[in-house]
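We did not get these values from a lab; they are worked out from the coordinates using the rules stated. For clarity, every value in this text was computed on a predicted model and none was experimentally measured. Reconstructed Cβ throughout: ideal geometry from the backbone, glycine too, with neighbour counts over all protein chains shown.
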Amino acid sequence: MPIKTSLNYSPNFSTSARNKKKIKYIVYHYTGMRSENKAIKRLTDLNSNVSCHYFIKRNGHIILMVPELYEAWHAGKSKWKKDISLNKKSLGIEVSNKGHEFGYENFSNDQINSLLLLTKFLIKKYKIKPKNILGHSDIAPNRKKDPGEKFPWEFLFKNKIGFWHNLDKKKLIEFRGLKINDLEKKLFFRNILKIGYSEKNFKNSKFKRVKYKKILIKAFQRRFRQDLVNGIADQECLIISKNLVK
């Protein structure tokens, strides 16, 4: 591998090797723990049942924990488009960060640089499409917030990683907070389902449906409208969703 890494293998992976062609997603996470050492210990602990393929420390150092052709246990119960249980088809990258529970911090420049190098290497190796580069909260919005609204999605897109809208942010902000009607709300949700988000909870009770839709809006905002995550779909969110579908 042309990228410098160290090895700290995790015992938490499926022992049958998978075909290289089955790998179609990259999923980003933050560790969400008080310390980096505790996060590494947990990801390599036999009793934790969680792992990842790569771990990026605060100083940018990359640790390989599970070889790429084996299924690491990082995504859990998840869905994107028609794919479920994304562990089977993905590579998981954990980025050291305390997360929302313990003092969510900006990702370091060293981490972002390592993320660029590693992701570009994996994209080329596995021919991964831009729309298949995801966050944990994209594929499991009812359970996860990571990698969160401080994750550099727009910067990655400008460096040819992942997907983003091509709208003028100065003009876009004029539509922030402007209400949308019921038909526009339906259009917004249709759009984000086309993008890949899951509607699995839409058919439950009215209370659960309303609650899940708010969670889904927040997941969308953490990814595409990061400076305001309030769970309210407004004209700005609608415009972004239309652009992404195009």
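With N counted as the residues of segment 169-229, its alpha-carbon radius of gyration over 2.2 N^0.38 Å works out to 1.19. Legend: distances between Cα atoms for LYS24/LYS131; LYS89/LYS246; LYS57/LYS98; LYS89/LYS129; pairs beyond 20 Å are LYS89/LYS246. The equivalent ellipsoid of segment 85-217 has semi-axes of 27, 19, 17 Å, largest first, where each one is the square root of 5 times an eigenvalue of the Cα gyration tensor. Report the residues of segment 23-58 in range of a label on PHE121: point 7 Å along Cα→C-beta, backbone N strictly under 11 Å from it. Backbone N within reach: 54-55. The Cα center of segment 6-20 and the Cα center of segment 142-191 differ in position by 34 Å. The GNM of the chain, with springs linking C-alpha atoms under 10 angstrom apart, assigns the highest mean-square fluctuation among ASP45, ASP146, ASP138 to ASP45. Taking 0.36 nm per residue of separation and subtracting the Cα-Cα distance, full extension of the segment from ASN142 to LYS200 would add 19.8 nm. Full extension of the chain between ASN19 and LEU172 gives 50.8 nm of extra length, using 0.36 nm per residue less the Cα-Cα distance. The Rg/Rh ratio for segment 8-91, using Cα coordinates for both the radius of gyration and the Kirkwood hydrodynamic radius, is 0.96. In the chain, what percentage of the DSSP-assigned beta bridges are antiparallel, given to the nearest 5? Antiparallel bridges make up about 30 percent of those DSSP assigns within the chain. Note: relative contact order over segment 5-158, using C-alpha pairs below 8 Å and six or more positions apart, is 31 percent.
Extension gain for LYS208-PHE155 works out to 15.6 nm (0.36 nm per residue, less the C-alpha to C-alpha distance). Each label point was placed 7 Å from the Cα along the Cα-to-Cβ direction; for SER85 and LYS185 their separation is 3.5 nm. Global size of the chain: 17.9, 53 Å for Rg and Dmax (C-alpha atoms, Rg to one decimal, Dmax whole).
The order of the peptides 14-22, 47-55, 174-182, 229-237 by mean Cβ neighbours within 10 Å, most packed first, is 47-55, 229-237, 174-182, 14-22.
Please give the helix 235-245 orientation as an angle from the longest Cα principal axis of the chain, in degrees from 0 to 90, rounded to the nearest 10. For helix 235-245, the angle is close to 60 degrees.
Taking 19 Å as the cut-off, the amide N atoms of segment 53-85 that come nearer than this to a point 7 Å along the Cα-to-beta-carbon line of ASN109 belong to 57-62. Taking a ≥ b ≥ c as the square roots of the Cα gyration tensor eigenvalues, segment 71-159 comes out oblate, since a/c reaches at least 1.5 and a/b does not exceed b/c.
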